[in-house]
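Chemist: Okay, here's the structure, questions in a sec.
The values are calculated or read from the model by the stated rules, or taken from the named source; none is laboratory data. Just so we're clear, the structure is a prediction, and the values are computed from it rather than from any experiment. Note that each Cβ is placed from the backbone with ideal geometry, even for glycine, and that neighbours are counted across all protein chains shown. For the accessible areas, the whole protein counts, side chains as well, though only heavy atoms, and no ligand, DNA or RNA atoms are used. Shrake-Rupley method; radii C 1.70, N 1.55, O 1.52, S 1.80 Å.
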Amino acid sequence: MEKRRVVITGMGALTPLGNSVEETWAGIKEGKSGIGPITHFDASINKVHYAAEVKNFNAGDYMDPKEARKMARFTQYGVAAAKMALEDSGLKDNAEVLDETGVILGVGIGGFEVLESSCISYYKSGCVKTNPMAIPELIPNEVGGNIAITFGCHGPVQSVATACSSGTDALGTAFDMVRSGRLDVCLTGGAESTINGFGIVAFEVLHALSTGFDEDPTKASRPFDKKRNGFVMGEGSAILVFEEYEHAKARGAKIYAEVAGYGASCDGYHLTSPNPDGVCGSKCMTRALKDAGMDPSEIQYYNAHGTSTHINDPSETNMIKLAFGEENARKLKISSTKSMHGHCLGATGAIEAMICVKAINDSFVPCTKNLDEVDVEGGCDLDYVPNKGIEMPINAAMSATFGFGGHNGAIILKKI
């Protein structure tokens with residue numbers, strides 16, 4: 001079967017750095033931090049007091065307020081980002097195209113705040129009652145379902161759940177759908193919001209979250225740095241419009257970039273830790289390169305998973321060396337934008353892919369914020385673009401993500 005070309009014709013985003021793609025990108029270029037004290041709930045009794053929250057969000061600005069009240073926060077974010085992406089693509093009011101459009105989204109967890117409040121009401125009732133909307137609000141597929149209902153999308157609607165690789169794997173699934181001819185247009189990306197008491201404590205007891213930066217939370221996420229001590233929880237959504245190239249050209253669509261390749265793998269090693277040798281993680285990168293028909297030397301920028309944890313950062317460094325080869329790995333510009341927007345779990349791959357598109361369009365490599373002393377002795381010895389972004393041409397970029405359960409995904413985007 002001949003593979004069709006797939007391009008990106010629209011983008012929308014809500015992130016801790018801004019309530020649009022442009023606001024987010026401006027924050028990235030500035031080296032701004034979206035991390036601050038938790039406001040979604042009273043975290044005073046917790047060990048973790050900061051996170052990367054979406055700010056000044058009013059669901060009624062993007063959807064019917066009555067319908068928004070039936071949605072968990074992650075769904076509200078996804079519907080809002082989808083609205084922006086469809087408006088950007090020029091397809092929002094094209095009922096004929098939307099009738100055949102698919103929706104494939106990555107969601108690692110779903111409506112944690114709904115789960116928490118529903119369990120509380122269940123126990124308070126003597127275990128006989130709870131919120132009647134609990135299930136329709138908390139299950140991960142509801143964001144895709146609500147997008148389809150809101151905008152009249154009647155193609156396949158699917159939810160991909162591969163932990164922190166969910167967003168990347170959703171992009172890969174949508175890519176395959178469009179290039180195979182099953183769809184001409186697909187809304188894809190990710191949405192997540194787990195900044196509530198249960199979500200924070202659940203990760204806190206795993207010793208996965210950063211602590212000890214209460215005086216200045218903006219310094220808490222510090223990938224590849226000697227003083228890193230855990231990731232900072234983020235939230236948000238990014239939605240991209242994937243479209244078959246000739247279909248996009250025929251309607252005169254604006255094209256941001258081409259989707260070149262996708263690869264996935266599984267460590268088969270541990271429930272929560274990546275394999276330190278990086279061998280299986282590197283396979284998603286080599287498979288993406290093979291899928292794209294590209295040599296490692298053709299990639300100028302790599303957006304790292306870069307969680308700011310002791311085990312991820314050196315393991316990912318090993319993966320890069322194995323996939324790109326030592327010489328190419330040392331030439332590659334690498335950065336973790338989680339240093340600014342936090343770790344948005346199932347949405348992170350989509351947000352970081354969107355950032356890669358903007359990096360290609362603007363010829364700008366984002367920095368890794370808070371990288372004051374690279375942990376060379378700990379195995380982090382590549383060019384992670386510390387603290388200040390770089391202006392340079394980017395013809396192709398790779399974004400990779402790695403999740404609990406050993407899920408690994410990589411996607412390659414290139415200039416059209």
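Chemist: Could you list, in sequence order, all residues of the range 93-118 that are out of contact with any helix residue (DSSP H, G or I) (no Cβ under 8 Å at 6 or more places or on another chain), open to solvent by 50 Å² or more (accessible area, probe 1.4 Å) and either in a loop (DSSP other than H, G, I, E, B) or touching a residue at least 40 places away in the same chain (Cβ under 8 Å) (or both)?
Modeler: Of everything in the range 93-118, those that are out of contact with any helix residue (DSSP H, G or I) (no Cβ under 8 Å at 6 or more places or on another chain), open to solvent by 50 Å² or more (accessible area, probe 1.4 Å) and either in a loop (DSSP other than H, G, I, E, B) or touching a residue at least 40 places away in the same chain (Cβ under 8 Å) (or both) turn out to be D93, N94, A95, D99, E100.
Chemist: Filter the range 52-71 down to residues that are more than 16 Å from the chain's Cα centre (by Cα) and either under 30 Å from T211 (Cβ atoms) or assigned to a loop (DSSP other than H, G, I, E, B) (or both), then give me how many there are.
Modeler: 10
Chemist: Kindly establish whether T188 is over 25 Å from E316 (Cα atoms), at pLDDT 95 or above and touching a Phe, Trp or Tyr at 6+ places or on another chain (Cβ under 7 Å).
Modeler: The answer is yes for T188.
Chemist: Quick check on the range 2-25. Is at least one of its residues out of contact with any helix residue (DSSP H, G or I) (no Cβ under 6 Å at 6 or more places or on another chain), of a type outside the set (K, R), modelled with pLDDT under 95 and open to solvent by 20 Å² or more (accessible area, probe 1.4 Å)?
Modeler: yes
Chemist: Here's something else I'd like to know. From the list T211, T188, which residue is outside any helix (DSSP H, G or I), surrounded by fewer than 19 Cβ atoms within 10 Å (Cβ to Cβ) and in contact (Cβ under 8 Å) with a residue 60 or more places away in the chain?
Modeler: T211
Chemist: Could I ask something else about it? Can we say A148 is modelled with pLDDT of 95 or more, open to solvent by less than 20 Å² (accessible area, probe 1.4 Å) and not in a loop (DSSP other than H, G, I, E, B)?
Modeler: For A148, the condition - modelled with pLDDT of 95 or more, open to solvent by less than 20 Å² (accessible area, probe 1.4 Å) and not in a loop (DSSP other than H, G, I, E, B) - is met.
Chemist: Suppose the filter is without any contact (Cβ under 8 Å) to a residue 24 or more places away in the chain, part of a loop (DSSP other than H, G, I, E, B) and not hydrophobic (A, V, I, L, M, F, W, C); does P223 pass it?
Modeler: Criteria not met by P223.
Chemist: Looking for whichever is in contact (Cβ under 8 Å) with a residue 12 or more places away in the chain, under 19 Å from M354 (Cα atoms), among the charged types (D, E, K, R) and surrounded by fewer than 24 Cβ atoms within 10 Å (Cβ to Cβ) here; the options are E235, E244. Which one fits?
Modeler: E244
Chemist: Next up: Just to confirm my filter: which helices (runs of 4 or more DSSP H) fall fully inside the range 302-357 and include at least 3 residues that are within 21 Å of the chain's Cα centre (by Cα)?
Modeler: It comes to 312-324, 338-341.
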